[in-house]
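Step one of this worksheet: look at the structure below.
The values are calculated or read from the model by the stated rules, or taken from the named source; none is laboratory data. Only a predicted model underlies this, so the values are computations on that prediction, with no experimental measurement involved. Cβ placement follows ideal geometry from the backbone for every residue including glycine, while neighbour counts extend to all protein chains displayed. Note: areas computed on protein heavy atoms with side chains; ligands, DNA, RNA excluded. Shrake-Rupley method; radii C 1.70, N 1.55, O 1.52, S 1.80 Å.
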Amino acid sequence: TQKSLYYHSMFTLNCPCPGFNANQIQNELRIKIKEFISNISKIIAIATTYTNNILILGLTNVIEERTTPILWNDNEMYFNDTIKEYDIALENYCNTNKVQYLKLFDVLQQIDFSDDGIHPNEKGHEKIFKAIKVKGEISKL
């Protein structure tokens, strides 16, 4: 159907991983904002060779009590203030370059996270899916 074709041709870029890879290691950011945006730009350039229907998912917040430090590395920490800076830069990039952007920061609540405080659990993924679905329906109007 027309509706399912629309969703199948949509390229959705989930940015939490690149954003979180910019986390702090002993007070030093692993990836600076400028490099993060450059990487996103390169990914979008590749994606546009397949479709112009691109949706960038914004970064999600974390539960800092569980991410300072992260469970698997005492030297790595994720802070919401830092993530928010990267998310604002990402949103600005998308607005400037007319790329669809879906703000996800603060969409997830504490009950929507897995034990690590970073990754969404099933309920969190469902919330993200619903937000993408609504954005897709609005964008095709």
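Things worth noting here:
- Test: residue in segment 99-119 that is at positive phi, under 13 Å from the mean Cα position of the chain (by Cα), part of a loop (DSSP other than H, G, I, E, B) and at pLDDT below 95: yes
- Check on Lys135, assigned to a helix (DSSP H, G or I), at pLDDT 95 or above, touching a strand residue (DSSP E or B) at 6+ places or on another chain (Cβ under 9 Å) and open to solvent by less than 90 Å² (accessible area, probe 1.4 Å): no
- Here is the figure for segment 43-77: residues that are within 16 Å of the chain's Cα centre (by Cα) and open to solvent by 20 Å² or more (accessible area, probe 1.4 Å) total 1.
- Applying a threshold of 6 Å to beta carbon distances and a minimum spacing of six or more residues, or different chains, the list of pairs starting in segment 22-49 at a residue that is closer than 26 Å to Ile70 by Cα and small (Gly, Ala, Ser) and ending at one that is open to solvent by less than 100 Å² (accessible area, probe 1.4 Å) and at pLDDT 90 or above reads Ala22/Phe36; Ala22/Tyr86.
- Counting only helices (runs of 4 or more DSSP H) that sit wholly inside segment 1-97, those with at least 3 residues that are at pLDDT 90 or above are 33-47, 64-67, 80-96.
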